[in-house]
1. Six or more apart or on different chains, Cβ atoms under 7 Å: show the pairs whose first residue is in the range 221-242 and under 24 Å from Glu26 (Cβ atoms) and whose second is at pLDDT below 95.
2. Restricted to the range 310-367, and to residues that are small (Gly, Ala, Ser) and touching a Pro at 6+ places or on another chain (Cβ under 7 Å), which residue is surrounded by the most Cβ atoms within 10 Å (Cβ to Cβ)?
3. Here are the criteria: (1) within 30 Å of Val33 (Cα to Cα); (2) touching a Phe, Trp or Tyr at 6+ places or on another chain (Cβ under 9 Å); (3) surrounded by fewer than 23 Cβ atoms within 10 Å (Cβ to Cβ). Tell me which single one Leu172 does not satisfy.
4. Exactly one of these conditions fails for Glu45: (1) under 22 Å from Trp144 (Cβ atoms); (2) touching a residue at least 40 places away in the same chain (Cβ under 8 Å). Give me its number.
5. Could you list, in sequence order, all residues of the range 29-68 that are under 19 Å from Ala350 (Cα atoms) and polar (S, T, N, Q)?
6. Can you spot a residue in the range 101-109 that is in a strand (DSSP E or B), of a type outside the set (Lys, Arg) and in contact with a Phe, Trp or Tyr (Cβ under 6 Å, 6 or more places away or on another chain)?
Amino acid sequence: MAITSAAPDRPADAKTTPWTSIRLRELTLPNRVWLSPMCQYSADEYGAPTEWHLAHYGARAAGGVGMVMVECTAVAPDMRTTARDLGLWSEHQVGAHRRLAGLISSVGSVPAVQLGIAGRKSSHGVPWDNTGTRHPVAPAAGGWQPLAPSPLPFSGLATPRSMTADDIDRVLGDLERAARNAHRAGYQALGLQASNGYLFHQFLSPLANQRTDAWGGDLEGRLRFPLAVVSALRAGWPAEKPLLIRAPVSDLLDGGVTADDAEILVARMAQLGVDLLDINSGALVPEAPRPTEPLENARFAHRFRRLGVPTATSGSVTEAHQLHRAIPESVDALFIGRAMLRDPYWALRARGGRPTEVWPKQYHRAF
């Protein structure tokens, strides 16, 4: 498999800790505690990062994480979840992302960005407005027509239009362009939101994909779009830089994606150049169980590690001891989300040790 260069730079043994470096392709990350991509819904009117993003990500980059994964960033206007999502389809956006990636790098972390293709989960309100994420925004109010593999709405959102072959080709082209733009902007790692009910997940799951053409049906048909997505990303992303996929390993519902399906998917993605699997589950439909226990998704990791694929996960990690429980026994790295929304210096506090050896020198006089 074409993943040997993506293996961790040392075996997962007793000497590996959350603070041990890890090498993915030609990129060495200083530790295995990473900022999870958490949407800020604060883009400017053109979909570009703003001063809010500079302040938000800059603080967390200085806060001790080995990698800052910038929030889910759309590859095209109709693949956004909201009108305030970041994008990477225009020159204006590339310039603003370049400033953001440079800032992250300058204060000591590795800049990465997660791309997104929302599909049927698009054209809704931001979480804090009067409509929110379960209510559609109509085209007359600034929304757009969602696209999906089948005309099955998510919860109360608008019914999507079933994608044509031309739509599929266009989105694959959008993904390749966005990958090129991410490289031009200075990001060192590329992620994809392929779970949480986004378009990749919609094509993969029989609960959302009811097509009878070559893009649906049996598992082989439902894998066609996800694997084409990986190929498109790799076509636009440099060979020396790693590609990370946040993928569903189970729908947690009868009739949905199973862990056996995911094992086949991950093995095929690795052959196409995916370097790390970020394990997720559920979230395709509102009635799916929601993992709430810390490290709940890590229980799937052994399936993919035996394929030689490095793994990460996220979810409900709030304490330092959870890092050491997970790394290296279960996964190779952890994404920390909500805990770092509350505290940009969570990673530094979790690391412990002598503050003058761990914290930025600008803060040493505080200790």
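1. Going by the 7 Å Cβ cut-off, the qualifying pairs are Pro242/Ala6.
2. Only one residue tops the list, namely Gly315.
3. With respect to (1) within 30 Å of Val33 (Cα to Cα); (2) touching a Phe, Trp or Tyr at 6+ places or on another chain (Cβ under 9 Å); (3) surrounded by fewer than 23 Cβ atoms within 10 Å (Cβ to Cβ), Leu172 is out only on (1).
4. The number of the failed condition is (2).
5. Result: Asn31, Ser36.
6. no
Matching residues to (1) among the charged types (D, E, K, R); (2) within 30 Å of Leu24 (Cα to Cα):
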residue	(1), (2)
Asp78	yes, no
Ala83	no, no
Ser90	no, yes
Ser105	no, yes
Ala118	no, yes
Ser150	no, no
Thr159	no, no
Ala179	no, yes
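The values are calculated or read from the model by the stated rules, or taken from the named source; none is laboratory data. Just so it is clear, the model here is predicted, and its values are computed rather than measured. Cβ: placed from backbone, ideal geometry, glycine included. Neighbour counts: every protein chain shown.
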